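A short write-up of the structure that comes next.
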Amino acid sequence: MPGKFIVMVTKQGVIKKCELTEFDNPMSRGIIALGLDEGDELLAARLTTGEDYMFLGTHEGMACRFKERDVRPMGRPARGVRGMELEEGDYLVGAEVVPEEGLMLSISENGFGKRTPLGIIA
C-alpha cells in the first residue's frame, strides 16, 4: 500500500518508521523488520498515514507527542532512532497514533486517571 507506513516502538524508546511496501515480498523464512538491543523488546507496531501524531508514555508517568513526519522513513536494515529520552530504570508502556486535537485519557496502575487535551504542537 503506497503512502502507508508502519511505526515500530520498543520499550527502551527506539522508534522506527518504514513504508509498508518494504514488506511486500516476504521470504518463506520471514524477514527481519527491526533489530533489537540486548534487553529491549517490541512494544507496539502501528499503521500510519505519514501525517499522524505519535504519543509515547512511560512507566514513571512521562509522556510526549510528536508529528510522525519528524521521524524519517527507514529501510528494513536500519535500527531506528531515539523516540524519547528515558530516565534510568524507566521504560515505555504505551505508544499510540493520536489525532492532532482531542483528549488523551491516561490511567495509572493504581487506577488514577488524567484527561489531557492534545492541542496543537507549535
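The values are calculated or read from the model by the stated rules, or taken from the named source; none is laboratory data. Note that the structure is predicted; figures quoted are calculated from it, not measured. Note that each Cβ is placed from the backbone with ideal geometry, even for glycine, and that neighbours are counted across all protein chains shown. Surface areas here come from the heavy atoms of the whole protein model, side chains and all, with no ligands, DNA or RNA. Shrake-Rupley method; radii C 1.70, N 1.55, O 1.52, S 1.80 Å.
Which shape class applies to the range 49-122: rounded if a/c is under 1.5, otherwise prolate when a/b exceeds b/c and oblate if not, where a ≥ b ≥ c are the square roots of the Cα gyration tensor eigenvalues? Oblate, since a/c reaches 1.5 and b/c is not below a/b.
Label separation (residue 21 vs residue 88): 4.7 nm, computed from points 7 Å beyond Cα along the C-beta direction.
Once you order the gyration tensor axes a ≥ b ≥ c over the Cα atoms, which shape class does the range 83-122 get: rounded for a/c under 1.5, otherwise prolate or oblate by comparing a/b with b/c? Oblate, because a/c is 1.5 or more while a/b does not exceed b/c. So what is log10(I(q)/I(0)) for the range 14-90 at q = 0.13, 0.15, 0.24 1/Å, when the Debye sum runs over its Cα atoms only? Reported log10 I(q)/I(0), two decimals: -0.46, -0.60, -1.34. The apolar share of the surface of the chain, taken as the fraction of accessible area on carbon and sulfur atoms (1.4 Å probe, ligands and nucleic acids excluded), comes to 52 percent. Based on protein heavy atoms only, the chain ends up with 65 Å² per residue of surface accessible to a 1.4 Å probe. Taking 17 Å as the straight-line reach from the Cα of residue 17, the lysines in range (excluding those fewer than 8 positions away in the same chain) are 4, 67.
Is the shape of the range 8-56 rounded, prolate or oblate, going by the alpha carbon gyration tensor and its root eigenvalues a ≥ b ≥ c, with a/c under 1.5 for rounded and a/b larger than b/c for prolate? Judged from the Cα gyration tensor, the range 8-56 comes out oblate (a/c at least 1.5, b/c at or above a/b).
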